[in-house]
Every structure is written in structure tokens, then in C-alpha cells.
Amino acid sequence: MIDTYKHKGQRLKLVSELRQKGIADETVLTAIEKIPRHLFMDSSLEIHAYKDQAMPISSGQTISQPYTVAFQTQLLNVQKNDKILEVGTGSGYQTAILCELGAKVYTIERQKELFDKTQILLKKMGYIINGFYGDGYLGLPTYGPFDKILITAGAPYIPEQLILQLKVNGLLVAPIGNTNVQIMTVLKKITESNTEIKEHGSFIFVPMLKGKA
Ligand code: SAH
């Protein structure tokens with residue numbers, strides 16, 4: 001769990017790269033500057049940790065590209081004490097970003113091996129989260145409703161269960177599409193029965209799959 005001056009310098013460079021690519025939310029950039037992304041990856045890949053690239057983690061999954069993490073987090077417009085549901089804990093890097101922004105984070109992962117590993121890591125790093133091994137398509141009905149919901153895997157559609165677990169005025173951010181490409185989608189819940197949808201360009205995520213593994 002070593003974070004050196006070299007890593008810190010690499011993070012500053014990454015932050016300026018993200019700023020150039022259009023990320024303007026300073027709270028998000030500060031969180032990226034602070035969090036040692038290399039600790040969320042296998043040590044053999046550490047030299048790539050501060051490139052703006054997705055990288056493999058265990059169970060055939062990926063840690064999302066820093067730009068994608070920043071872009072999704074910016075769209076989520078996180079406020080202190082927001083109650084947020086994250087679908088797809090993966091490496092836990094995005095989870096840590098949400099914690100740094102002062103959110104109360106509930107996160108679900110369907111891969112048992114990844115779930116176990118990430119719970120231990122986040123705890124060791126001092127992040128207090130509510131982690132669940134389960135299927136994100138179902139959300140967490142007993143813990144909702146949430147101010148915000150973030151899906152970090154490519155979903156074929158927005159699961160109705162998740163819209164039900166969103167507060168009125170809440171936001172859901174999710175990449176929606178087929179397995180090749182998804183459109184970053186922001187759903188705002190206007191009333192209990194009305195939603196408004198905006199789209200924000202193409203991304204590529206690993207697929208959101210049903211059930212547990
Ligand atoms: N935010 C993570 C993204 C990891 S990739 C990071 O940056 O590390 C997406 C993750 O979503 C994978 O770990 C995958 O196992 C998980 N996932 C896919 N379908 C899911 C589902 N239905 N419920 C919960 N997690 C799911």
C-alpha cells in the first residue's frame with residue numbers, strides 16, 4: 001500500500017490531461033488527484049496506472065478509464081451526503097471517488113472473487129461503504145430510495161427496478177447499448193411516473209450481466 005511522490009506526480013499529470021479532455025468539475029479532479037489508482041490494480045500493471053486507459057482486473061473485468069470515471073462522476077453531480085447506489089463495484093476505484101466526494105455509498109458486485117477482494121481493499125484504505133454481493137439489475141430495494149444511481153457496466157436497457165429505487169429529482173447515470181458500444185445516458189426522475197432522458201456520447205464498457213457469478 002505504498003504511494004510515492006512519483007505516483008503523486010503521475011496523478012497531477014493525469015489530472016491535467018483530464019482537464020484538457022474537458023473534465024471541469026474541480027471536486028472530481030481533486031478526488032482523482034488524491035486517490036492512488038495503482039492500488040486498485042494488480043501490481044504487475046502498476047506502471048500503467050496513471051495512463052488514461054481501462055485496465056484488466058480479475059474475473060475478466062476492467063477498471064474503467066480515468067476519463068470515463070471522471071465523466072460519469074461529473075454527470076452524477078455528487079453532493080455531500082448523497083445516498084448513492086453503484087452497480088458494478090469492480091476494482092472499487094469509482095467507489096472510492098464517490099466516498100471522497102462525501103457520498104454514502106451502496107455498491108453491488110456480481111463476481112464473488114472480485115467482491116471479496118475489493119471489500120477488503122476498500123476497508124484497508126479506510127473507506128466506509130455498504131458493499132453487496134448480488135445482481136445489480138435488482139438494486140437494493142430494502143436500502144433505497146437513492147439520490148443517485150450509477151451503473152458502471154454496459155446495460156442493454158435501464159432496469160425498471162432501479163428507476164423505482166430512485167428518489168424524485170434523483171439522477172441515474174448509465175451506459176446503455178449493446179455489447180459493442182453504449183451511449184452514456186442520464187435519467188432524471190421528474191415525478192414518481194415521469195422521467196427525462198439525456199444522452200452524452202459513446203463509450204465501451206464490459207457488459208452488465210444477469211445473476212451472480
Ligand atoms: N467501477 C468499476 C467498473 C468495473 S467494470 C471500476 O472502475 O473498477 C464493471 C463491473 O460491473 C464488473 O466488475 C462486473 O462484474 C460488474 N457487473 C456486471 N454486471 C453486474 C450486475 N448485474 N450486478 C452487479 N455488478 C455487475
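Here are the numbers for the structure shown:
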read-out	value
Residues satisfying the stated conditions in segment 51-83, i.e. away from the ligand (no atom under 11 Å from the Cβ) and surrounded by fewer than 23 Cβ atoms within 10 Å (Cβ to Cβ)	Lys51, Asp52, Gln53, Tyr67, Gln74, Leu75, Asn77, Gln79, Lys80, Asn81, Asp82, Lys83
Looking only at segment 178-203, and only at residues there that are surrounded by 19 or more Cβ atoms within 10 Å (Cβ to Cβ) and free of Cβ contacts under 8 Å to residues at least 60 places away in the same chain, the one that is nearest to Ile151 (Cα to Cα)	Thr185
Those residues of segment 99-111 which are outside any strand (DSSP E or B) and more than 10 Å from the ligand (Cβ to nearest atom), in sequence order	Cys99, Glu100, Leu101, Gly102, Ala103
Residue match in segment 119-137 (condition: among the hydroxyl-bearing types (Ser, Thr, Tyr), buried (at least 17 other Cβ atoms within 10 Å of the Cβ) and closer than 26 Å to Leu162 by Cα)	yes
Count of residues meeting criterion [closer than 25 Å to Tyr133 by Cβ, in contact with a strand residue (DSSP E or B) (Cβ under 8 Å, 6 or more places away or on another chain) and charged (D, E, K, R)] in segment 168-213	1
Considering residues of segment 134-163 that are among the aliphatic types (A, V, I, L, M) and in contact (Cβ under 8 Å) with a residue 40 or more places away in the chain only, the residue nearest to Gln61 (Cα to Cα)	Ala153
Complete set of residues in segment 159-177 that are outside any strand (DSSP E or B) and crowded, with 20+ Cβ neighbours inside 10 Å	Pro159, Leu162, Gln165
Condition broken by Pro156, with the remaining ones in (1) in contact with a helix residue (DSSP H, G or I) (Cβ under 7 Å, 6 or more places away or on another chain); (2) surrounded by fewer than 18 Cβ atoms within 10 Å (Cβ to Cβ) satisfied	(1)
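Only the coordinates and a few stated rules stand behind these numbers; no lab work does. Since we're looking at a predicted model, the values are computed, not measured. Don't worry about glycine lacking a Cβ; one is built from the backbone with ideal geometry, like all the others, and counts go over all protein chains shown.
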